[in-house]
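A.B. asks: The structure's right below; bear with me while I get my questions together.
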Amino acid sequence: MSAQSVVAFAGQVMTKDGEPVIGATVQVKGQPGVGVVTDADGHFRLNNLKIGQTVTFSYIGYTTIHMPVKKTDERMRVILSEDVKSTDEVVVVGQGTQRKISVVGAITTVETKDLNTPATSVANMLGGRVPGIISVLRTGEPGNDFSQFWIRGISTFGANASALVLIDGVEGNINDLDPEDIESFSVLKDASATAVYGTRGANGVVIVTTKKGTAGKLNINAKANVGYSYSPRMPEYLRAYDYATLANEAAASRDMDPIFNGVDLALFKNGLDPDLHPDVDWHNTILRDHSWNQQAHLSASGGGQVARYYMSLGFINKEALMKQAKGVTPYSTNVNYRQYNFRANVD
């Protein structure tokens, strides 16, 4: 290898304002283990690099630069520009909004457009998507199938062990919202982020921002989802005759008298006495093997420079697995849940 093909790559990393960038990462592309960090004056130095290799300069909040190695230049200056997309991103905090890059508290902001998952409840979308969120779904009953969630565990015990939920600045229930009406939500986790809420924010705070109108022509959006639920496997239960036979065998193994006599076994088997010797498969009698869920949402937004509006209508229908009893009309024996939502934001 000739001496001309191996050079020392050195210089200084600065901002557009001429300030040195401290702690910027200077790394050889394609070689994760070869790199340095700029010092207090923004200087860096990489030895024994080949001409033609690419060096990457990166720093949080700034655009990454890729620069090829051409020659040794101790006075080389690398200018990093602010990443407009990153630095202009704002998060909702306790007292308004703040640039994300300047937030020091533990805050996670999620926009619903990033989820891309049809759901009837925002609480059911938090688990596994937001760091520090623990969610538990305790039942599948329609209308009560909302996840209970905690932020970094349970901090207080008693009636108010859940997180504080603020919807456009007003305390509310997150399960009452239609997910399609939500623009974004921020999860405030640590004490520095929730201090403004006092003891009420001890279990964390969820700040929800709903959609608002934008200046322009009338914009109408419609969306509909259909879900199908079923049980992939159900245990097979014994019939009454088999149960009675096994009960007698269990009693005999303990030197006890039979629980059911021969007449009982015969009646269980032939079904001649359904009142005193019933043999009912309750699973097939009262439950179906599937159910349907429907969700629809219609919104209209627009406005001008003086006023803007956003209005929406939402409908959610959830069916249970209960069968409709024959001859019982118009009452439905199924456990259905229907939710209607209307929201209007004018500003």
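Throughout, read-outs are computed from the coordinates displayed, never taken from laboratory work. Nothing here was measured: the structure is a model prediction, and the numbers come from that model. Glycine gets a Cβ as well: all are built from the backbone with ideal geometry, and neighbour counts include every protein chain shown.
A.B. asks: If each of Gln305 and Asn261 carries a label point 7 Å out from its Cα toward its Cβ, how far apart are those two points in nm?
C.D. replies: It is 9.8 nm.
A.B. asks: Right, here's the next one. For the charge dipole of region 220-285, defined by +1 on Lys and Arg C-beta atoms and -1 on Asp and Glu C-beta atoms about the Cα centroid, which residue among Gly271, Ala247, Thr285 has the Cα displaced farthest towards the positive pole?
C.D. replies: Thr285
A.B. asks: Quick one: grab Rg to one decimal and Dmax as a whole number for region 210-266, Cα atoms only, in Å.
C.D. replies: When restricted to the Cα atoms of region 210-266, Rg and Dmax are 30.3, 86 Å.
A.B. asks: Okay, moving on. Given 0.36 nm per residue, what is the gain on full extension from Lys217 to Glu171 after removing their alpha carbon distance, in nm?
C.D. replies: Result: 13.3 nm gained on full extension.
A.B. asks: Taking the radius of gyration and the Kirkwood hydrodynamic radius from Cα positions alone, what is the Rg/Rh ratio for region 3-83, to two decimal places?
C.D. replies: 0.95
A.B. asks: Once Rh for region 225-347 is found with the Kirkwood sum over Cα pairs, what is the Stokes-Einstein diffusion coefficient at 25 °C and 0.890 mPa s, in µm²/s?
C.D. replies: Numbers: Rh = 19.8 Å.
D = 124 µm²/s.
A.B. asks: Return the distance in nm (one decimal) between the two label points of a simple spin-label model at Ser229 and Glu183, each offset 7 Å from Cα along Cα→Cβ.
C.D. replies: About 3.3 nm separates the two model spin labels.
A.B. asks: If I model a spin label at His283 and Thr139 as a point 7 Å from the Cα along the Cα→Cβ vector, what separation in nanometres do I get?
C.D. replies: For the pair His283/Thr139, the computed spacing is 2.2 nm.
A.B. asks: What is the magnitude of the charge dipole of region 3-83 about its Cα centre, with +1 placed on the Cβ of each Lys and Arg, -1 on the Cβ of each Asp and Glu, and no other charges, expressed in debye to the nearest 20?
C.D. replies: Values: 8 positive and 8 negative charges, 95 e Å.
So the dipole magnitude of region 3-83 works out to roughly 460 debye.
A.B. asks: Sorted by packing (mean other beta-carbon atoms within 10 Å per residue), highest first, where do 139-150, 232-243, 202-213 land? It would help to have the intermediate numbers written out before the result.
C.D. replies: Values: 139-150: 15.5, 232-243: 10.9, 202-213: 19.9.
So the peptides 139-150, 232-243, 202-213, ranked by packing, come out 202-213, 139-150, 232-243.
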